[in-house]
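A short write-up of the structure that comes next.
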Amino acid sequence: MPISYAIAAYLLLNLISFAAFGADKRRALRGKWRIKESTLLLLSFFGPFGAVAGMRLFRHKTRKPKFIAVYLFAILHVVVFIVLVWKDVLHMPF
């Protein structure tokens, strides 16, 4: 898969995660059916930056202790990105 497709997919996952937090907040305010917390956390694992932005912008799920994991997922993604960049810079085979 070309790198541009991977970047587009990653951006899309973050956009979906962001939108899910916004939709869940809107549903919460209207007393409607909600998105499961496990679904929000799964989306956050694959799109943590969108989730963090959604949590902050919509002020949603910020007080739930289990949603601290969203910030940990973001840190994990940064670490993986750094490792991948260094692997290419140092030409390490892993």
Exercise. Are any residues in segment 24-78 buried (at least 17 other Cβ atoms within 10 Å of the Cβ) and in a loop (DSSP other than H, G, I, E, B), and if so, which ones?
Worked result: Gly47, His60, Lys61
Exercise. Within the set of pairs 6+ apart or on separate chains, which have a first residue in segment 28-53 that is closer than 18 Å to Ile68 by Cβ, a second that is among the acidic types (Asp, Glu), and C-beta atoms under 7 Å apart?
Worked result: Leu40/Asp24
For this session: Among what's in segment 37-92 and is over 16 Å from Tyr10 (Cα atoms) and among the aromatic types (Phe, Trp, Tyr), pick the residue that is farthest from the chain's Cα centre (by Cα).
Result: Trp86
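Bear in mind that the values in this text are calculations on the coordinates, not laboratory data. Small disclaimer: the values here were computed from a predicted structure and weren't measured. Here the Cβ is made from the backbone with ideal geometry for all residues, glycine too, and neighbour counts use every protein chain on show.
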